[in-house]
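Read through the structure below, which is laid out as structure tokens, and then see the notes.
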Amino acid sequence: MPVKNVALLGFMGCGKTTVGRLLAKKLGFSFLDTDSLIEEKSGLSIPQIFELFGEEHFRNLEGQVLKEVMFREKLVLSTGGGLPVKDENWEILKKRFLTVFIEVPFEILWKRIASDSGRPLLRRYPRKELLKGLYLERLSRYRQADVIISAGRLTPEEIAEAIIKHAQFDC
Ligand code: S3P
């Protein structure tokens with residue numbers, strides 16, 4: 001069956017947003033990013049939401065925005081790195097989207113994200129080995145995706161093309 005919606009999953013820094021935009025353009029689909037939707041909805045940045053209301057509140061907002069977009073069609077959705085972890089979110093993703101895990105080795109991710117002040121989770125996991133623990137915890141969920149792209153050495157353009165090769169899209 002042709003794919004109507006795609007959700008990109010993966011750890012911070014794997015390129016979901018860049019790849020998502022490119023993929024949507026190639027497919028003629030719309031593009032949405034759950035973090036941006038949350039920022040628009042709340043009028044606050046992600047770090048501000050963590051700081052003012054805490055992670056649990058942020059996770060609730062993630063669930064809400066996913067429910068708001070789940071019935072859209074011809075959509076590429078870039079999901080926050082922690083969104084697929086919640087079982088309720090995972091059920092929605094599996095039912096409504098082709099799930100695509102952009103798999104990038106932790107060492108590469110760490111180089112990309114270590115100095116990024118816009119990532120509140122780095123406060124909770126301030127050392128490389130702590131963040132790696134979170135990455136490893138999440139891998140088993142990410143690996144349940146319909147499509148896994150080994151993206152460590154690929155450009156965003158190549159990742160988008162690899163996703164297109166893996167599925168027949170409704171475009
Ligand atoms: C998070 C990842 C971030 C953002 C928030 C929490 C996580 O999104 O949702 O800072 O739990 O991994 P990206 O994966 O798009 O960076």
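Bear in mind that the values in this text are calculations on the coordinates, not laboratory data. Predicted model, so just to flag it, every value in this text is computed and none were measured. We place every Cβ from the backbone using ideal geometry, glycine too, and count neighbours over all the protein chains shown.
Taking the chain as a Gaussian network, where each spring joins two C-alpha atoms under 10 Å apart, which residue of F29, F97, F50 fluctuates the most?
F50
Using the Cα centre of the chain as origin and beta-carbon charges of +1 (Lys, Arg) and -1 (Asp, Glu), tell me which of G82, G28, F101 is placed farthest towards the positive end of the dipole.
Among G82, G28, F101, the one farthest towards the positive end of the dipole of the chain is F101.
Counting every Cα pair in the stretch 1-50, what percent are over 13 Å apart?
Everything past 13 Å amounts to 64 percent.
Separation of the stretch 18-57 and the stretch 143-158 by C-alpha centroid, Å?
If we compute the Cα centre of each part, the gap is 20 Å.
Of all alpha-carbon pairs in the chain, indicate the percentage at a distance above 30 angstrom.
Looking at the chain, the distances longer than 30 Å represent 12 percent of pairs.
Can you compute the charge dipole magnitude of the chain about its Cα centre, using +1 on each Lys and Arg Cβ and -1 on each Asp and Glu Cβ, nothing else charged? Give it in debye, rounded to the nearest 20.
So the dipole magnitude of the chain works out to roughly 280 debye.
Where a Cα-Cα gap under 18 Å defines reach, which lysines qualify for K41, not counting those fewer than 8 residues away within the same chain?
K67
For the stretch 119-171, just list the percent of Cα-Cα distances falling in each 10 Å bin from zero outward, please.
Here the calculated profile for the stretch 119-171 is 20, 33, 33, 12, 2.
May I ask you to list the trypsin sites (Lys or Arg not before Pro) in the stretch 85-171 that are in a DSSP loop and have at most 14 other Cβ atoms within 10 Å of their Cβ?
Within the stretch 85-171, the qualifying trypsin sites (Lys or Arg not before Pro) (loop, at most 14 other Cβ atoms within 10 Å) are R127, R143, R153.
Any lysines with Cα under 18 Å of the K25 Cα? List them, leaving off those in the same chain fewer than 8 positions away.
In chain and number order, the partners are K4, K16, K74, K165.
With just the Cα atoms of the stretch 22-123, tell me how far they stretch along each of the three principal axes, in Å, largest first.
36, 30, 25
As a check on your grasp of the helix formula, calculate [θ] at 222 nm for the chain: sum -39500 (n - 2.57) over DSSP H runs of n ≥ 4, divide by the residue count, round to the nearest 500.
Mean residue ellipticity, 222 nm, calculated: -16000 deg cm²/dmol.
Residue by residue through the stretch 78-86, which ³J(HN,Hα) values in whole Hz follow from phi under the Karplus form 6.51 cos²θ - 1.76 cosθ + 1.60 (θ = phi - 60°), with glycine and proline marked x?
Ordered by residue, 3J(HN,Hα) equals 8, 9, x, x, x, 4, x, 5, 5 Hz.
Running a GNM on the chain with Cα contacts under 10 Å, which residue among L83, L23, L52 ends up with the highest mean-square fluctuation?
For the chain, modelled as a Gaussian network with Cα springs under 10 Å, the answer is L52.
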